[in-house]
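These notes concern the structure reproduced below.
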Amino acid sequence: MLPVSRILLSAPLQCIRCGFLNLPTSSTARSFCSFPRQSIFNSANAIRILRSSRLLQKELKRTFASSDKRKALKLREASWSQFLKIARLALPYKRRIGLGFLFLGLGSSIFLVTPHILGKLIDEFDDTKRNKAKAEGEDRALKIAKYLKQHPLALILLLVAGAAAIVGRSYCMHTAGQLIINDLRTKVFGKVLTHDMAFFDKNRVGEIVSRLSSDALVVGHAVSTNLSDGLRSLFTISGSAGLMVYTSTALCKPVTIVIPIIFGTFYVFGKLQRKYTLMMQEAVAQANSVATERLSNIKTVRILVAETRELQAYKDKIHDIWEISKKEGLFKGIMFGSFQLTGYLAITSVLFYGTHLISKGLLTYGELSSFCLYAALCVGGLSSLSTFYNELMKGLGASQRLFQLAEEKPLIPITGGKKIDEIVKGIRFEGVAFTYPDRDTIFNDVSFKIPAGKITAIVGPSGSGKSTVANLLLRYTL
């Protein structure tokens with residue numbers, strides 16, 4: 001038998017139902033008795049129950065107050081350097097993502113060419129335009145339009161090919177995003193497991209779980225599906241704008257008026273989205289943290305019959321989420337409404353000005369139809385681009401918390417060191433002082449010696465440092 005020292009850590013606890021002292025065998029207070037909860041307010045036990053309840057109320061406040069004072073992960077302004085870190089997560093799956101981008105280019109090209117061909121088909125029903133085309137010679141787009149008019153099945157197959165490309169893009173990006181999420185969660189969780197106990201004193205377990213669940217999901221989608229949607233929007237906007245200029249430069253004049261308004265609105269609301277995203281993620285993490293902390297200490301809550309109070313504490317956190325959500329919903333409504341208003345104003349101006357050009361013979365019905373379709377695609381692309389920017393800001397805000405967890409170095413490494421097979425000289429404390437983060441001093445200038453092989457009991461009131469002695473011996477903290 002190894003000559004190791006045994007330390008018994010115990011403290012008398014008082015049951016709030018019967019008022020008697022118990023000496024539990026573990027720190028989880030086994031202070032339940034056969035007295036029903038309704039019988040605690042009888043005259044015989046009133047004084048003892050009041051005294052014991054006050055003691056446990058102080059213990060509960062100390063436990064939860066220290067938990068609530070833990071430092072949450074600090075918020076920083078989301079920066080584009082975070083995006084580079086997120087992009088590195090996608091490198092192992094670059095082939096899958098590249099295939100998704102290939103499908104993206106194919107599908108977008110098909111649906112960008114279609115309005116131009118449809119415009120040529122419309123002009124085929126105009127005798128004046130058809131005779132003019134015969135005199136000047138048919139261009140390639142008109143030849144394709146005639147072929148599709150004679151073979152409508154080919155047009156259907158072209159649209160089916162575009163839809164199939166969208167399916168391929170969605171599948172590749174979705175699966176790549178899930179793989180990135182799995183890697184990120186595994187990396188962060190593995191890093192958290194290596195931290196010392198002081199890390200968990202400063203960071204709530206509920207908040208860490210929230211980072212692993214919701215934040216990792218947001219980051220994974222930001223670098224895969226959302227990035228694909230953003231590139232598709234950029235491709236659609238640039239392609240539509242170019243084809244609008246190619247179709248009719250005269251019709252582009254009313255459109256250029258609303259472009260500064262659109263981008264100004266985009267810039268202002270983008271900054272607001274970043275702000276509210278960070279606030280929302282922090283509020284959700286705090287609500288999850290409160291739920292996790294209270295459920296982890298459910299025995300203490302049950303002892304003090306504090307279910308109603310803890311429910312109210314959780315409701316307060318949920319109300320904070322509601323307040324932020326109201327502001328976020330209002331500004332999102334204003335943003336999307338502004339985009340819709342400017343977009344419809346631009347299309348209405350195009351229609352009125354286009355009919356004026358048609359009356360002067362400077363434009364055909366087919367060209368006006370093509371231009372309006374491209375304008376609608378451009379407006380839709382701008383709306384999708386705003387959604388992409390909002391989701392990207394969410395991803396940047398969520399990633400900075402995850403990278404804080406992944407990059408923080410533990411104070412006490414879990415590998416290396418010297419292996420001790422047996423304790424031959426006993427345990428010795430000399431002038432030890434210790435304080436937990438955001439708590440009062442546990443003890444100061446404590447000295448004692450426990451000889452090897454001797455059973456020693458350390459007895460004291462709650463909060464005197466009995467468990468701290470064991471934690472220091474196990475190197476849970478420094």
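The values are calculated or read from the model by the stated rules, or taken from the named source; none is laboratory data. A quick note: this is a predicted structure, and the numbers were derived from the prediction, not measured. Using ideal geometry, Cβ is built from the backbone for each residue, glycine included, and neighbour counts are taken over all protein chains shown.
Values as computed for the structure displayed
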| read-out | value |
| --- | --- |
| Boolean, ALA176 is within 47 Å of the chain's Cα centre (by Cα), at pLDDT 85 or above and assigned by TED's automatic domain parsing to the domain that holds SER224 | yes |
| Out of ALA145, ALA161, ALA165, sole residue that is touching an Asp or Glu at 6+ places or on another chain (Cβ under 7 Å) and hydrophobic (A, V, I, L, M, F, W, C) | ALA145 |
| Filtered residues of region 247-279 (kept if surrounded by fewer than 14 Cβ atoms within 10 Å (Cβ to Cβ) and of a type in the set (Phe, Trp, Tyr)) | PHE263, TYR267 |
| Among residues of region 179-203, those that are among the polar types (S, T, N, Q) and modelled with pLDDT of 85 or more, counted | 2 |
| Some residue of region 338-348 being over 36 Å from the mean Cα position of the chain (by Cα), in a helix (DSSP H, G or I) and closer than 25 Å to ILE259 by Cα | yes |
| Every residue from region 240-292 that is more than 17 Å from the chain's Cα centre (by Cα), without any contact (Cβ under 8 Å) to a residue 40 or more places away in the chain and over 30 Å from THR114 (Cβ atoms) | GLY264, TYR267, VAL268, LYS271 |
| Hey, GLY220 surrounded by fewer than 14 Cβ atoms within 10 Å (Cβ to Cβ), of a type in the set (Gly, Ala, Ser) and part of a helix (DSSP H, G or I) or not | no |
